[in-house]
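Chemist: Right, I'll just put the structure down here and ask away after.
Derivation of every value follows stated rules applied to the coordinates shown; laboratory data play no part. Everything numeric in this text was worked out from a predicted model, so none of it was measured. Note: ideal-geometry Cβ built from the backbone for every residue, glycine included; neighbour counts use all protein chains shown.
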Amino acid sequence: MTAHEERELLAVAREAAEAGSAELRRRFGKRARGVRTKSTPTDLVSDADLAAEHAIRTVLAERRAGDSILAEEGGESEGGEVRWVVDPLDGTINYLFGIPAFAVSIACEDGAGALAGVVLDPSRGECFEATRSGEPTLNGQLLQPDARAGTLDVAMVATGFGYNAGVRARQADVLTRVLPRVRDIRRIGAASLDLCWCACGRFDAYYERGLNHWDVAAGGLIASRAGLAVRDLAPAGADPAGTVVAPEGLIDELVTLIVG
């Protein structure tokens with residue numbers, strides 16, 4: 001696919017993300033409706049998630065009829081060689097608690113991986129974007145991660161935790177190995193923002209297990225195009241697969257700490 005075609009797909013992703021974001025902004029801070037549980041009592045979905053996904057699907061149906069869609073709430077539909085990977089509300093718990101740290105994440109991919117990705121933060125009005133062959137941007141300005149952390153001991157590292165209590169207990173064990181070896185740990189609660197904040201230098205690195213494809217498809221492309229290493233974590237015993245993002249000079253040491 002040509003660079004021009006990638007940019008066309010990026011424009012569709014941006015339009016769809018803006019449509020989903022409008023639904024989220026309209027409802028944020030109001031009494032949530034239609035809240036129900038998914039995998040555990042702490043894993044929630046609301047009418048806001050569904051409304052945002054509906055708005056996104058409407059744009060994709062109008063602009064890219066025939067493509068397939070993989071979305072968090074609506075599942076996967078069949079289609080052509082191009083697939084749209086949609087998280088209509090990454091950070092649902094933050095959203096429902098009135099915490100302004102959530103995003104709409106949309107990626108477009110083919111058999112070789114992501115072609116274009118958009119992560120739109122409605123609270124800050126920040127739109128992170130990248131294409132497979134283009135430069136990553138934040139609101140149109142070139143993104144480059146801050147190279148301040150030359151060693152892991154001064155790195156600001158982000159992570160996240162699962163919804164299952166047993167998984168959380170094992171993640172806490174990992175944290176006891178990582179925390180003493182880094183500057184500090186942050187937990188925002190939205191993987192797409194963690195990835196993009198690495199790309200723009202707010203974080204130096206990020207790791208998390210138990211992510212879904214829609215959590216990382218767009219943000220992973222943006223981080224990679226910003227020059228960061230994006231590496232898969234293999235499943236380990238009862239621990240699910242995961243993702244690690246860091247500068248090339250730090251990632252091996254960080255992975256060693258994570259896997260023990």
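Chemist: Sort largest first and round to whole Å: the equivalent ellipsoid semi-axes of the chain, each the square root of five times a Cα gyration tensor eigenvalue.
Modeler: Here the semi-axes work out to 28, 22, 17 Å.
Chemist: Relative to the present Cα-Cα distance, how much length would full extension add between I185 and A172 at 0.36 nm per residue of separation?
Modeler: 3.5 nm
Chemist: Mind sorting M1, M156 by how few other Cβ atoms lie within 10 Å of their own Cβ, fewest first?
Modeler: Neighbour counts put them in this order, fewest first: M1, M156.
Chemist: Exposure proxy check: C127, C196 ranked by fewest other beta carbons within 10 Å?
Modeler: Fewest to most other Cβ atoms nearby, the residues stand as C127, C196.
Chemist: Place the peptides 157-167, 217-227 in order of packing, highest mean first, counting for every residue the other Cβ atoms within 10 Å and averaging per peptide.
Modeler: For the peptides 157-167, 217-227, the packing ranking is 217-227, 157-167.
Chemist: Provide D204, D67, D215, D184 in ascending order of the number of other Cβ atoms located within 10 Å of each residue's Cβ, fewest first.
Modeler: Working: D204 27, D67 18, D215 23, D184 10.
Least to most surrounded, the residues fall as D184, D67, D215, D204.
Chemist: Any chance you could check the Cα centroid distance between the stretch 113-153 and the stretch 10-24 for me, in angstrom?
Modeler: Going from one Cα centre to the other spans 17 Å.
Chemist: Using only DSSP helix segments of four residues or longer, with each worth -39500 (n - 2.57), what per-residue ellipticity at 222 nm results for the chain after dividing by its residue count and rounding to 500?
Modeler: Calculated from helices alone, the mean residue ellipticity at 222 nm is -11500 deg cm²/dmol.
Chemist: Around A11, what is the net charge, scoring Lys/Arg as +1 and Asp/Glu as -1 over all other residues with Cβ under 15 Å from its Cβ?
Modeler: Net charge around A11: -3.
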